[in-house]
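Reading through the structure tokens given below for one structure.
The values are calculated or read from the model by the stated rules, or taken from the named source; none is laboratory data. No experiment lies behind these values; they were computed from the predicted model shown. All Cβ positions, even for glycine, are placed from backbone atoms using ideal geometry, and neighbour counts span all protein chains on display.
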Amino acid sequence: MLIHRTQQLKGTIDALPSKNYTTRYLLAAALASGTSHIERPAHSQDSQAMRDCLALLGARISETGQTMVLTGFGRTPSPCLELNVGNAGAVLRFLLAVAALLPQTTFVNTYPHSLGKRPHDDLLAALRTMHVRIVDNEGKLPITVYGGAPRGGDICISGNVSSQFLSALLFLTPLLEEDSVITVRDGLKSKPAVLQTIEVLQEAGIVVDASDDLLRFVVPGRQQYVPRRYVVQGDYPGSAAIMAACAVTTSDVAIRYVRAHSKQGERKAVDILRTMGLEATFGHDAYGHEQLHVRGGGPLKAVEADGDVFTDAVLACVAAAVFAEGTSVFYNVQNLRYKECDRITDFLCELRKAGAHVEETESSIIVHGRPEGVEGGVHIDAHYDHRVIMALTIVGLRAWAPITICDAHHVAKSYPTFFDHLRALGARIDG
């Protein structure tokens, strides 16, 4: 994909439906015995991976217009010897827990240089304490789960690598015969994602008693997921990339379907970009849909921000900070190293190729802004990572010479229409 310098973005787009909520609603619907309806589901590689795997496990899924109809398998998924989640980490981790209900399931490794490199030891260790036998490759794919009779009780899970491990247990434990007490050790990364999981569980009729610090959960057993109607809200991680693109250009853009009071942690990106200089106002369109109206074009200021609260929007904000006056610091972001790629070292390596002045520590990204723009004129490796692709595109909009992003089609993992949306707003993008 060839990204040209772009002066102006203008228009209205519909925010992509939330990938995180879609995958959670799909799973909650599948774990219910009955038929659920999911309105405005996300269509991404992650949601498709979840959909395909749930179908293999016995869910019946159809789609009409903007509504997905799913009849679940409840506590008794169909036996399935092999599942392929593609490059979807959250889908893998959620389904590793579901596989504990089955006699034998192998999760294969089709992305050895991306998801295949990511660790899952902490979740596997917790499942083993629940009387689930697991054969793995030093905590990585391929992984075979020998389940059938998982047990609740006292469960301990580490939260210092990913909150997805905890979310996986929260989906599984309500279905067990025993009550469960889940204790989180080593702190908890990405707490907003856990709040999203709890919100979805509550919508599905599941009772979870969480401590205020989200480090202890009491989950009654013998619960049933209730089939119901879900409405997927707009996706903040993807919208953050559009907002950051607006921040680095002269812009006047409305993004529909994003909620002002969303539990998505990436909602914080609105506040970060406002602090940098982007004008951002919540309101409603002529049809009553919630929307965010943003205007950019003025000088940007450096920021310091705790990235753990808006993990999937950090790279977009870093891209905007490349053009801010002063030095920006995004700290507490060590978990970015355990994504589709190392989103600190790998990403910053590509930013330097484009001409950005950036540094890293083990848990932070430091950006020395260049308001005049960066040189560009290079080929960039996106490391098969959708968030890296979006962030590098933002940088390309202010580069003096076009930037070529290799393997940019992997943006479809979360935001298949990202380049279409930018082109519709006026961005000059070829490919």
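Being in contact with a Phe, Trp or Tyr (Cβ under 7 Å, 6 or more places away or on another chain), part of a loop (DSSP other than H, G, I, E, B) and not small (G, A, S) holds for only one residue in V258, V200, and it is V258.
For the range 383-396, the count of residues that are among the hydroxyl-bearing types (S, T, Y) and crowded, with 17+ Cβ neighbours inside 10 Å is at least one.
So, in the range 1-39, of the ones that are surrounded by fewer than 22 Cβ atoms within 10 Å (Cβ to Cβ) and under 21 Å from the mean Cα position of the chain (by Cα), which residue ends up farthest from Q66 (Cα to Cα)? So the residue we want is I13. Answer yes or no: is there a residue in the range 401-408 that is under 17 Å from I242 (Cα atoms) and among the charged types (D, E, K, R). Scanning the range 401-408 turns up no residue that is under 17 Å from I242 (Cα atoms) and among the charged types (D, E, K, R).
Considering the range 379-431, and only residues there that are more than 23 Å from the chain's Cα centre (by Cα), assigned to a helix (DSSP H, G or I) and aliphatic (A, V, I, L, M), the residue that is nearest to A254 (Cα to Cα) turns out to be L425.
Pairs linking a residue in the range 324-353 that is not assigned by TED's automatic domain parsing to the domain that holds L300 to a residue that is assigned to a loop (DSSP other than H, G, I, E, B) and acidic (D, E), with Cβ atoms under 7 Å and 6 or more positions apart or on different chains, do not occur.
Taking the criterion of being modelled with pLDDT of 95 or more and aromatic (F, W, Y), the residues of the range 324-355 that qualify are F330, Y331, F347. Reported count of residues in the range 205-216, each being within 17 Å of N160 (Cβ to Cβ) and assigned to a strand (DSSP E or B), is 1. For the range 282-309, the candidate set comprises residues that are modelled with pLDDT of 95 or more and of a type in the set (A, V, I, L, M, F, W, C); within that set, the residue that is farthest from E350 (Cα to Cα) is F282.
Please verify whether the range 404-416 includes one or more residues that are modelled with pLDDT of 95 or more and acidic (D, E). Scanning the range 404-416, I find no residue that is modelled with pLDDT of 95 or more and acidic (D, E), so the answer is no. Select from the range 193-231 the residues that are within 24 Å of E63 (Cα to Cα) and of a type in the set (K, R) and write down the one among them that is surrounded by the fewest Cβ atoms within 10 Å (Cβ to Cβ). Among those residues, the one meeting the criterion is R229. Within the range 356-378, none of the residues are assigned to a helix (DSSP H, G or I), at pLDDT 95 or above and either of a type in the set (A, V, I, L, M, F, W, C) or surrounded by fewer than 16 Cβ atoms within 10 Å (Cβ to Cβ) (or both). Residue by residue through the range 40-52, note down the ones that are buried (at least 23 other Cβ atoms within 10 Å of the Cβ) and among the acidic types (D, E). Listed by number, the list holds a single entry, D46.
Conditions (1) among the hydrophobic types (A, V, I, L, M, F, W, C); (2) surrounded by fewer than 24 Cβ atoms within 10 Å (Cβ to Cβ); (3) closer than 22 Å to W400 by Cα, marked per residue:
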{"residue": "A241", "(1), (2), (3)": "yes, no, yes"}
{"residue": "S251", "(1), (2), (3)": "no, no, yes"}
{"residue": "K263", "(1), (2), (3)": "no, yes, no"}
{"residue": "R274", "(1), (2), (3)": "no, yes, no"}
{"residue": "F282", "(1), (2), (3)": "yes, yes, no"}
{"residue": "D285", "(1), (2), (3)": "no, yes, no"}
{"residue": "G297", "(1), (2), (3)": "no, yes, yes"}
{"residue": "A316", "(1), (2), (3)": "yes, no, yes"}
{"residue": "R352", "(1), (2), (3)": "no, yes, yes"}
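Can you tell me how many residues in the range 329-355 are in a strand (DSSP E or B) and of a type in the set (S, T, Y)? Residues flagged as in a strand (DSSP E or B) and of a type in the set (S, T, Y) within the range 329-355 amount to 1.
Residue pairs whose Cβ atoms lie under 9 Å apart, separated by 6 or more positions or on different chains, with the first residue in the range 67-92 and touching a residue at least 60 places away in the same chain (Cβ under 8 Å) and the second acidic (D, E) and in a loop (DSSP other than H, G, I, E, B), are N87/E340; G89/E340.
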